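Peer 1: Below is a structure I'd like to ask you about.
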Amino acid sequence: MVQVRPTILSGLVALISLSMIACEDAPSTEQELPAQVPIDGVQSDDALEGRGFRALTPRERNNTYRDLLGLPHSASDWPDRPIAAARFATLQNRAGVFGSQVQPSVWPWVFPTENGVDGFEGFVDGQNPSAYDLEEVQKAALHFAGYALVSPIFFTCQSWQDLDDAAKQSCAKESIERFAQRAWRRPITPDEATHLSNLWSSLSVRHNVDETIVLVVAAILQSPQFLFLVPIHEQSQSNVRLLGPWEVAAQLSYFLWDTMPDQALFAAAARGQLATKEQLMDQARRMLADPKARPAIVHFHQQLLHLNRVLSVSPARRVYGPAFGIEPEPPLDTTGDGVWPGILGPLRHSFAAEAHLFIETVIFDGDGTFSSLLTSDQGFMSTQSAGVYGPNVTAITGPIKRWPYGNVEFSQARRRVLELRPIRFPAGERAGLMTLPAILAINAYPVHPAPILRGKTVLERLGCQVLGAPIPGAEASMPPDSEGAELTNRERTTLATHPPACDACHASMNPPGFAYESYDSLGRYRTQDNGFDVDSSGSFMLQNGEEFTFDNALELGQQLANSHQVRDCYVSRWVKYAIGLELASSNQGLLDLQAAFRQDDNIIELLVSIVATDAFRLTRRSTRQ
Amino acid sequence: MIHRRTFLERMGLLGLGFGLGRQGLSKALAQSNTNAPPKRLVVISHCHGWPYSSWRMRPSGLSTERPWHVELNSISADQWSKPLAPLHRHRSALVAIDGLSLATAELDMDGNRHDTGWIHAWTGGWADFSGADTRSTTASLDQLVARQIARVDRLPSLELSLDDSGENGRPVSYGQNGLRLPVESDPARAWQRLFGAQNSRYANERSIAETMRYAFQEFQSISPRLDARSRIKLDAHFDLLNQLKGRLEGMANVQCPTGPDSPSTPVNYDQKFDAMSELIGAAFACDITRVVSLSLGELPTRDFGWNHLTDDVHKGLAHGIYDDPVKHTAMTDYLHHHSMQVARLVDLLAGLPDTNGSG
């Protein structure tokens, strides 16, 4: 059990202090469990091997910096960084094109991306410390520490600048302790308090109080307690235990918000009110109603479908350029062919925004069902993407969403804003997440769509079906991606994959891909391919024996939405994302969640139910080397 | 050309890349004669296989069955293959290996063959597909070399890419645990990493180092409480933090008269390659790092004159070289273009001053 230092907080900032004031009296909710006891369907043996001690992801780090400092979500609204902080680290302007200076954004910090596991961040096995990452962590710590001086929530006292030196010293130390508690997401121990005090004393010999604050905060932001979700009770002799309240609070917030706990969550942890399933479900419902949940829940889907790749899709200019009023072939020049990038850049960002808003709207503003995710006929469209959706969309009521983005156009870095208005897709042409241009363009080649990639996405990402690697030489026999190719794209793909050695996988992989043949590489709806009618019909079977027969992508979407295997897959992916490991398919807790989701189809309720499982709160010591 | 066994023997002494110093390539060659260990390593990797028949240079009478060795100087310029021709001017420093194959990769049948080939080529180890992310079972060559030649007070290695796709091209560098290392594809950020500390001149190194020492102590206090696996992970982080502290102190004291300005945002592939080349050269000259890997991302077909056929080198050309002579020709041009880029990089490196470098 962690030792808790008696609080010294004055209560001047009662709201923020609340959780920490109560921590000394927090009841213990730690429960050590016999090693082989099944808990709500979770076996204690290898089921939880590998869990724990993960680092915050780059995204989580950035969100946590912002929330620790109580600063706005938009970097343009951040206060200026104090001069005292500039002494230690400054954001250096980067050279832009033709020598112009580009001022980097003060937030978020650009960290190297995680390797990830199966496309998802935040898994122990996908996190590889590197010299590069450590450098960026150190630079970011110094950068964000400077903002403590202008943070609206850092100081425990008021009118900081008006205090005399003695009062400043006292307030600064209190403020730093409270900051450390929030940064580490738990009360600090006496040893930790001593370490901080020693650091303060050492630094204050050479620096004034403002500078000392910056340096100590930077130290906290480089500490393992901040960078990792450190198990608090690892000295326990038991192999299996339930997470303590502070750990549960952090696990909840990083699962549902991608950021640190708020004061209500800290307060609940301090009062021991994260112990029962009902308490956890109440917290989850509260958190899911908070705006912070929206980008976090959308982010899960972005990882699920590799949506970040939409910002690098490259449809061929000579095929798709004329649709945007430009010549198919540009003359060679030294400007980097600014016309096509100037069209593609905003289009890519619009596709990304449309997918984001579609997911968010279905889950948080619509009926919140998985079925709607795969079948909704309402989405968003910008002026830039209007040509992709075609003339038959219908405007519907709803707020226009503004979407800032950056792009290089005609060799100049520009910041622009897209305006996305709500629309209803043309009947019979488009419905559901899988028919959004973002998904379709990702799974396409520059000239032709890629039914194999599209089918693979359906089977692997939605169906959790495990597909083997292509046989040797398979990729060399793929159909050409050129305009002059004969037959239809479907026919060429079928010919290339018809050998028996290929057919074992492609018999189930091609048909769901063919369902999307009604969309070209840009995601435009089409009825003709190379002069022939598009055939988007097909049938296939999933591993659980479910059969799918459809005439087009809309029918497939309906069937996928109702598929047991697809819904079960969605549940198991969420569970794995929530707890950081994959439960066996026979796990009773998982089976219960899947059974419930098959019935109620409600994504928010699924997330609430996951939080209430023992699997969410269970951890064990790893013996694996 | 030399027999590959001879090459491998030399590699242990010379290194795979170009050991460049004050006197450039001629000095690198001279080192090879003195059996001096490598001082610098650049690993450059492009995305695709190549048309072997147009790449090879095999003067008549040479066996396809037995080892042979030919001095590149003895092959006249007009006899050089098109893919290698741009490197003719560097022939005195060039070693071309003919006849290598990824036999072990062909035996490693699990998983995607692209990944398998890449991992075998750069690590010599087997691929690990047990996780969803393809890994190696060993560290890559550049990292093994970095462990031997890197300065503790400078960057151990620099991983660069010319790929904006978010996937950063085909990975070249794998850490000791077999996970691929993150790469930098933005020249301006790479510049910041190399020269930022020198330019910002942290005025308060001592205090900043103290914040890192504090973090280091916290790592030490937490470590005993963790289980074995978590402790290993923490220790890896912990070691890097400690190295970083020493490195920051060292980097802030770099004396680098040739440090370049932060590069402008490149607007095409060649400009980006040249921007990265300048950074590599400056980093070597200033001894900021001694090992660099550069993964060449997808070269636009327009850049080597084949955009009328396809926009996709991988699927549109590279996969078709075995049965389509047109695509074979196109990929020959592709290689020629990359060789021109590499030749420019070597020109640049050969002309750089040496600061405590390869001498």
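The values are calculated or read from the model by the stated rules, or taken from the named source; none is laboratory data. Just so it is clear, the model here is predicted, and its values are computed rather than measured. Positions of Cβ are generated from backbone atoms using ideal geometry, with glycine treated the same way; all protein chains shown enter the neighbour counts.
Peer 1: Scan region A:201-218 residue by residue and report those that are under 16 Å from B:ARG213 (Cα atoms) and buried (at least 21 other Cβ atoms within 10 Å of the Cβ).
Peer 2: Of everything in region A:201-218, those that are under 16 Å from B:ARG213 (Cα atoms) and buried (at least 21 other Cβ atoms within 10 Å of the Cβ) turn out to be A:LEU203, A:THR212, A:VAL214, A:LEU215, A:VAL216, A:VAL217, A:ALA218.
Peer 1: Here is a further query. Does A:LEU56 meet the test of being under 25 Å from A:ASP614 (Cα atoms), in contact with a Ser or Thr (Cβ under 8 Å, 6 or more places away or on another chain) and at pLDDT 70 or above?
Peer 2: Yes: the conditions hold for A:LEU56.
Peer 1: Turning to a different aspect of this structure: Within region B:59-102, which residues are farther than 30 Å from B:GLY124 by Cα and β-branched (Val, Ile, Thr)?
Peer 2: Matches in region B:59-102: B:ILE75 only.
Peer 1: Is it true that B:SER339 is buried (at least 19 other Cβ atoms within 10 Å of the Cβ) and closer than 18 Å to B:ALA190 by Cβ?
Peer 2: Against the criterion (buried (at least 19 other Cβ atoms within 10 Å of the Cβ) and closer than 18 Å to B:ALA190 by Cβ), B:SER339 does not qualify.
Peer 1: For region A:62-80, what are the residues that are buried (at least 19 other Cβ atoms within 10 Å of the Cβ) and over 16 Å from the mean Cα position of the chain (by Cα)?
Peer 2: Within region A:62-80, A:TYR65, A:ARG66, A:ASP67, A:LEU68, A:LEU69, A:LEU71 qualify.
Let's see how each residue does on (1) over 27 Å from A:ILE343 (Cβ atoms); (2) surrounded by fewer than 21 Cβ atoms within 10 Å (Cβ to Cβ):
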{"residue": "A:PRO472", "(1), (2)": "yes, yes"}
{"residue": "A:GLY484", "(1), (2)": "no, yes"}
{"residue": "A:THR493", "(1), (2)": "yes, no"}
{"residue": "A:ALA496", "(1), (2)": "yes, yes"}
{"residue": "A:CYS505", "(1), (2)": "yes, no"}
{"residue": "A:ASN510", "(1), (2)": "yes, no"}
{"residue": "A:PHE514", "(1), (2)": "yes, no"}
{"residue": "A:LEU522", "(1), (2)": "no, no"}
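Peer 1: I've got another one for you. Condition check: assigned to a loop (DSSP other than H, G, I, E, B) and closer than 30 Å to A:VAL110 by Cβ. Does A:PHE179 satisfy that?
Peer 2: For A:PHE179, the condition - assigned to a loop (DSSP other than H, G, I, E, B) and closer than 30 Å to A:VAL110 by Cβ - is not met.
Peer 1: Follow-up question, since we're still on this one. Of (1) within 11 Å of chain A (Cβ to nearest Cβ); (2) modelled with pLDDT of 80 or more; (3) over 15 Å from the mean Cα position of the chain (by Cα); (4) surrounded by 19 or more Cβ atoms within 10 Å (Cβ to Cβ), B:ASP133 satisfies all except one. Which?
Peer 2: Condition (2) is where B:ASP133 drops out.
Peer 1: Can you go through A:ILE220, A:ILE188 and tell me which one is under 32 Å from the mean Cα position of the chain (by Cα) and part of a loop (DSSP other than H, G, I, E, B)?
Peer 2: A:ILE188
Peer 1: Next question. If I filter region A:161-175 for residues that are away from chain B (no Cβ under 14 Å), buried (at least 23 other Cβ atoms within 10 Å of the Cβ) and not in a loop (DSSP other than H, G, I, E, B), do I get at least one hit?
Peer 2: yes
Peer 1: Of the conditions (1) within 26 Å of A:GLN558 (Cα to Cα); (2) surrounded by fewer than 18 Cβ atoms within 10 Å (Cβ to Cβ), A:MET281 clears all except one; give me its number.
Peer 2: In the conditions (1) within 26 Å of A:GLN558 (Cα to Cα); (2) surrounded by fewer than 18 Cβ atoms within 10 Å (Cβ to Cβ), A:MET281 misses (1) alone.
Peer 1: Give the residue, chosen from B:HIS336, B:HIS314, B:HIS319, that is closer than 30 Å to A:SER521 by Cβ, more than 11 Å from chain A (Cβ to nearest Cβ) and in a helix (DSSP H, G or I).
Peer 2: B:HIS336
Peer 1: Condition first: at pLDDT 90 or above, over 16 Å from A:PRO437 (Cα atoms), away from every other protein chain (no Cβ under 12 Å) and in a helix (DSSP H, G or I). Can you find one or more residues in region A:340-353 that meet it?
Peer 2: Scanning region A:340-353 turns up no residue that is at pLDDT 90 or above, over 16 Å from A:PRO437 (Cα atoms), away from every other protein chain (no Cβ under 12 Å) and in a helix (DSSP H, G or I).
Peer 1: Looking only at region A:451-480, which residues are within 14 Å of another protein chain (Cβ to nearest Cβ) and among the hydrophobic types (A, V, I, L, M, F, W, C)?
Peer 2: Those that are within 14 Å of another protein chain (Cβ to nearest Cβ) and among the hydrophobic types (A, V, I, L, M, F, W, C): A:ILE452, A:LEU453, A:CYS464, A:VAL466, A:LEU467, A:ALA469, A:ILE471, A:ALA474, A:ALA476, A:MET478.
Peer 1: As an exercise: evaluate A:LEU196 against (1) assigned to a helix (DSSP H, G or I); (2) within 12 Å of another protein chain (Cβ to nearest Cβ); (3) in contact with a Ser or Thr (Cβ under 9 Å, 6 or more places away or on another chain); (4) within 22 Å of A:PRO261 (Cβ to Cβ) and give the number of the one condition it does not meet.
Peer 2: Condition (3) is where A:LEU196 drops out.
Peer 1: Scan (1) farther than 26 Å from A:ARG54 by Cβ; (2) modelled with pLDDT of 90 or more; (3) aromatic (Phe, Trp, Tyr) for the single condition A:TRP160 breaks and write down its number.
Peer 2: (2)
Peer 1: Which is in a helix (DSSP H, G or I) and facing chain A (nearest Cβ under 7 Å), of B:ALA236, B:ALA282?
Peer 2: B:ALA236
Peer 1: Residue by residue through region B:169-183, note down the ones that are at the interface with chain A (Cβ under 7 Å from one of its Cβ atoms) and in a loop (DSSP other than H, G, I, E, B).
Peer 2: Across region B:169-183, the qualifying residues are B:GLY175, B:ASN177, B:LEU179, B:LEU181, B:PRO182.
Peer 1: Here is a list of conditions, (1) within 28 Å of B:GLN176 (Cα to Cα); (2) surrounded by fewer than 20 Cβ atoms within 10 Å (Cβ to Cβ); (3) in contact with a Leu (Cβ under 8 Å, 6 or more places away or on another chain), and B:PHE219 meets all of them except one; can you say which number that is?
Peer 2: Of the numbered conditions (1) within 28 Å of B:GLN176 (Cα to Cα); (2) surrounded by fewer than 20 Cβ atoms within 10 Å (Cβ to Cβ); (3) in contact with a Leu (Cβ under 8 Å, 6 or more places away or on another chain), the odd one out for B:PHE219 is (2).
Peer 1: Right, another one. Under the condition of being outside any loop (DSSP other than H, G, I, E, B) and under 17 Å from A:TYR445 (Cα atoms), which residue from region A:482-501 is nearest to the other protein chains (Cβ to nearest Cβ)?
Peer 2: Step by step, filter region A:482-501, then rank; the result is A:ALA496.
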